[in-house]
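Before any comments, here is the structure.
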Amino acid sequence: MSLIKSISGIRGTIGGKTGDNLTPIDTVKFAAAYGTWLKNETGKAHLKVVVGRDARISGSMIQELTMNTLLGLGIDVIDLGLSTTPTVEIAVPLENADGGIILTASHNPKQWNALKLLNSKGEFLDGEAGLKILKIAEDESIEFATVDDLGNISKIEDYIDRHIEEVLKLKLVDAEKVKKANLKVVVDAVNSTGGIAIPSLLKKMGVEVVELYCEPNGHFPHNPEPLKEHLTDICELVKKEKADFGIVVDPDVDRLAFIDETGEMFGEEYTLVACADYVLSRTPGNTVSNLSSSRALRDITKKHNGTYEASAVGEVNVVELMKANNAVIGGEGNGGIIYPESHYGRDSLVGSALFLTYLAESGKKVSELRKEYPSYFMSKNKIELTPGLDVDGILKAVEKKHSSEEISTVDGVKIDFPENWVHLRKSNTEPIIRIYTEAKSQKEADELAQKMIQEIKDIIS
Ligand code: MG
C-alpha cells in the first residue's frame, strides 16, 4: 500500500489507512489543496474546472469526491465522466476553464488511482505549482465556501466525440485517404476509456475495427503498461484476423504502441519516431524527447534537417523544451506523442490518426515502415544501493570518469558515446539508480549496462 505525493500530483492505492493510501480523506484534502491554489493563483471569484476519469474501478468514487470538494470551495465543475487524459487537456481551453483534473493512475494496475492536475491551458502543472499545492495540503490552509457560494456541476457527455472532431480537423490527418486504404486494425484498450475513443476515431476514418478489451469497465485483462510482455493476446489476434496492424493504449490513452501485421511489436520507442518522420516530411522543423528516449528520433530529425534536443524525464519538461525549441513534434519514447498543432500533451488519438494517414499515404506494410528506421535496442536495469549512500556523489564520479564524452547532467547523468548511450538516474522514492542503455544490438545494450553497473560498484567500494 502506498501514497506518493510529488510535484506532479498525488498517486496511491485504494483502501487502507489514511495518509498511507489514496483514501477518500486524502483525495478530498488534495483536491481542496488544488482548488485553493487555483483561487490564490488567479484571484478570481468564479472558477471553472474540467474533471474527467479513466475507467478504473475506483474512478467514480474518486471523481465524486474530487468534484464535490471543488463545489465546496465554490468552484464550478464541468464533469466529462468517462474520458481520457488528452480529452480533458483539450477541453480545458475549449471550455474556457481555469484548470482540469484527470482521475487516472495511467499505466499502473487497478489498485492505483491518482489526481493529475492541469493549468488553464490544459497542460500539466510545473514543479513550482506542484510544490505550492503540496504545501497547502500539508498546512491544511483551506477555506470552504458558504452556502450561497457553492459551485455547480454541469455534465458534458460527448467530449470524446468533440476530441475526435478536433483530431480530424488537423491538416496532416486525412480521413479520406485512410478510408481509401481499406485498413483493418485490432485495438487493445485494457478495458478502459481508450475502448470508447480509439474504435470511434478509427471508424470515423473508415477503418475496419476489431475490438479486443474495449469494454470500459476497469477490469484490466493484463498489466496495463503497453510493454511487449503484456501484449501477447493482441499480437496473436492481429495475425489471426489478418489485420494491417494493432493499436494498444494505456488506461488514460496518453501512451500508444503498435503491433505490425506479423504480430511483432513495432516497438514503443518507434511510435514517436514514425509519427515524427511523417510530420517532419510535411512540416520540417525541430523535435524534442526526453533523455531516456531512443536516439532514432535524433537520426530521423537530422535526416529532415531539423534540430533534436533532449529534456529531463517528465512530460512537463518535454513540453517546456518543445516550446523553447519551437518543436513541430515531440514526446516520450514510451509511446507519448505530443503534437503542438493540436495541443501540448501526449495524445494517442492524435498519434493514431497521424500514423494511419502516414500508412495510407505510403502504401507500405507496417513491418516495411519499421525497417526503414535505424534499429536501436534498449536495456533497462537498476542497481540497488545501501540506504544512506551518497547517490549524487556516485553520479558525479561517473560524470568525472567520462568527462571527455558528450555528457548531459540535466537529469541524472546521460553519456552519449558515438555508437550508444547510457542514462543514469536516481530514484526519489527508493535507494536505487536506474540504468538505461541503448545500442545497435540487444547484446551491446546489455553489455554496456553491465559495464556501468560494475563502474558504479567500483566507485562505491
Ligand atoms: Mg498514461
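Brief remarks follow.
- Between residue 283 and residue 177, the contour length at 0.36 nm per residue exceeds the Cα-Cα span by 36.3 nm.
- Taking a sphere under 15 Å around the Cβ of residue 23 and counting the other residues whose Cβ falls inside, with K and R at +1 and D and E at -1, yields a net charge of +1.
- Extension gain, residue 305 to residue 203: 0.36 nm times the residue separation minus the Cα-Cα distance gives 33.2 nm.
- Distance-filtered residues of segment 126-170 - backbone nitrogen under 13 Å, label point 7 angstrom along residue 17 Cα→Cβ: none
- Cα gyration tensor category, rounded, prolate or oblate, for segment 3-157 with a/c compared to 1.5: rounded
- Label-reachable residues, segment 221-239, where backbone N falls under 15 Å from a point 7 Å from residue 365's Cα toward its Cβ: 238-239
- In summary, the chain shows an alpha-carbon radius of gyration equal to 0.98 times the 2.2 N^0.38 Å reference for compact globular proteins.
- Global geometry of segment 304-344, whether rounded, prolate or oblate, following the gyration tensor of its Cα atoms and the 1.5 cut on a/c: rounded
- Annotation: aspartates and glutamates with alpha-carbon distance below 17 angstrom to residue 400 (same-chain offsets under eight excluded): 390, 392, 411, 416, 455, 458.
- DSSP-loop trypsin sites (Lys or Arg not before Pro) across segment 158-192, with at most 11 other Cβ within 10 angstrom: 171
- For segment 449-461, backbone phi angles converted through the Karplus equation (6.51, -1.76, 1.60; θ = phi - 60°) give residue-by-residue couplings of 4, 4, 5, 5, 4, 4, 4, 5, 4, 5, 5, 5, 6 Hz, Gly and Pro being listed as x.
- Straight-line cross-link partners of residue 121 among the lysines, defined as a Cα under 26 Å from its Cα and at least 8 positions apart when in the same chain: 5, 29, 39, 44, 48, 132, 135, 155, 169, 171, 323.
- Within the chain, helix-based [θ] at 222 nm, where runs of 4 or more DSSP H residues each add -39,500 (n - 2.57), nearest 500: -12000 deg cm²/dmol
- Under the combined filter of DSSP loop state and at most 12 neighbouring Cβ atoms within 10 Å, segment 1-64 retains these trypsin sites (Lys or Arg not before Pro): 17, 44.
- Where labels lie 7 Å past Cα in the beta-carbon direction, separation of residue 45 and residue 141 in nm: 2.4
- Trypsin sites (Lys or Arg not before Pro) within segment 218-299: DSSP coil, no more than 16 neighbouring Cβ in 10 Å: 242
- Within the shell of other residues whose beta carbon sits under 13 angstrom from the beta carbon of residue 139, the net charge comes to 0, with Lys and Arg scored +1 and Asp and Glu -1.
- Gyration tensor verdict on segment 420-461 (Cα atoms; rounded if a/c is under 1.5, prolate if a/b is larger than b/c, oblate otherwise): oblate
No lab work stands behind these numbers, since they all come straight from the coordinates. Note that the structure is a prediction, hence the values are computed from the model and not measured. Note that we place each Cβ from the backbone using ideal geometry, even for glycine, and neighbour counts take in every protein chain shown.
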